[in-house]
Structure formats: structure tokens, C-alpha cells
1. Go through the residues of the stretch 5-16 one by one and say whether even a single one is over 14 Å from V119 (Cβ atoms) and charged (D, E, K, R).
2. So which residues in the stretch 1-27 are among the hydrophobic types (A, V, I, L, M, F, W, C) and either closer than 20 Å to S51 by Cβ or within 13 Å of the chain's Cα centre (by Cα) (or both)?
3. Within the stretch 105-121, how many residues are surrounded by 13 or more Cβ atoms within 10 Å (Cβ to Cβ) and part of a strand (DSSP E or B)?
4. If the requirement is being closer than 25 Å to S30 by Cβ and either part of a strand (DSSP E or B) or under 16 Å from the mean Cα position of the chain (by Cα) (or both), which of these qualifies: T68, T102?
5. If a residue has to be of a type in the set (V, I, T), in a loop (DSSP other than H, G, I, E, B) and in contact (Cβ under 8 Å) with a residue 60 or more places away in the chain to count, how many in the stretch 71-99 make the cut?
6. Determine whether K43 is without any contact (Cβ under 8 Å) to a residue 12 or more places away in the chain, out of contact with any strand residue (DSSP E or B) (no Cβ under 8 Å at 6 or more places or on another chain) and under 19 Å from G112 (Cα atoms).
Amino acid sequence: QVQVVESGGGLVQAGGSLRLSCTASGSFFSINVMAWYRQVPGKQRELVADSNKRGSTNYLDSVKGRFTISRDSTKNMVFLQMNSLKFEDTAVYYCYAEIATTGRGIYYQYWGQGTQVTVSS
């Protein structure tokens, strides 16, 4: 059973920082993309940042220069360092991973349960 679990959300003042962590656990062959999405009520879930196994990263325009995604492939973890937080960063943040459970090259999507980030203005 593959699981993806986030941690690190919380309440922070505008201008502050938070670091989110996510761990993929269970029995699997490899991980391709690991990413962070966020969602606010009434809006679609949006991609904040992603990182593939070759080390390429992408960021939502509004977080460029403030957020940094990183991975520890030895521990199957991904992190999101969020600096200079703004009120509009308030959302539930979800960890996402594309994981192959066998060596056949088929990757499945896994989501964490979400962690709330609240930025007070």
C-alpha cells in the first residue's frame, strides 16, 4: 500500500516562512514527479511547484522567487520551502507523486490528505 503524507502546515503572519514536507511510503519501484498543489474553497486545485526525477522544476508564476521545491530521493521525500508568505498563499496544500509500483514503467497518481496553510495579513 503506497501512501503519501504531508506535514508542516500551520498559521503564519504575512512575510513569514513555512516548510512543508511530504513522504512517500510503502512498496514501490520508483517515483517520477513529486509536486505540491494547493486549493482554496470554490477554486480549482492549482500546481504550485513540481520536480521530476531528473531534477527539473517548475513553479507557479506567483510563487517564483519565494517558494523552493526540493527532493531527497534517498528518503522518498519532497519539501516546499515557502518564504515571504502572502495572504493569498492561504490554502490547503497537497502533496502529489507519480509512483510506479513495478518495473513496467506505469506510473500512478497518489495524493496526500492535505495540510492547511493560513497566512494572516
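1. yes
2. So the first thing to find is which residues in the stretch 1-27 are among the hydrophobic types (A, V, I, L, M, F, W, C), and the list is 2, 4-5, 11-12, 14, 18, 20, 22, 24.
Matches in the stretch 1-27: V2, V4, V5, L18, L20, C22, A24.
3. 6
4. On the way: T102 fails: either part of a strand (DSSP E or B) or under 16 Å from the mean Cα position of the chain (by Cα) (or both).
Being closer than 25 Å to S30 by Cβ and either part of a strand (DSSP E or B) or under 16 Å from the mean Cα position of the chain (by Cα) (or both) holds for just one of T68, T102, which is T68.
5. Taking the stretch 71-99 as the starting set, the residues that turn out to be of a type in the set (V, I, T) are 74, 78, 90, 92, 99.
Restricting the remaining residues to those that are in a loop (DSSP other than H, G, I, E, B) gives 74, 90.
Of the ones still in play, those that are also in contact (Cβ under 8 Å) with a residue 60 or more places away in the chain are none.
Of the residues in that region, 0 qualify.
6. Details: without any contact (Cβ under 8 Å) to a residue 12 or more places away in the chain: yes; out of contact with any strand residue (DSSP E or B) (no Cβ under 8 Å at 6 or more places or on another chain): yes; under 19 Å from G112 (Cα atoms): yes.
So K43 fits the description; yes.
Rule-based calculations on the coordinates, nothing more; no lab input. Please read these numbers as outputs of a predicted model, since none were measured by experiment. Note: ideal-geometry Cβ built from the backbone for every residue, glycine included; neighbour counts use all protein chains shown.
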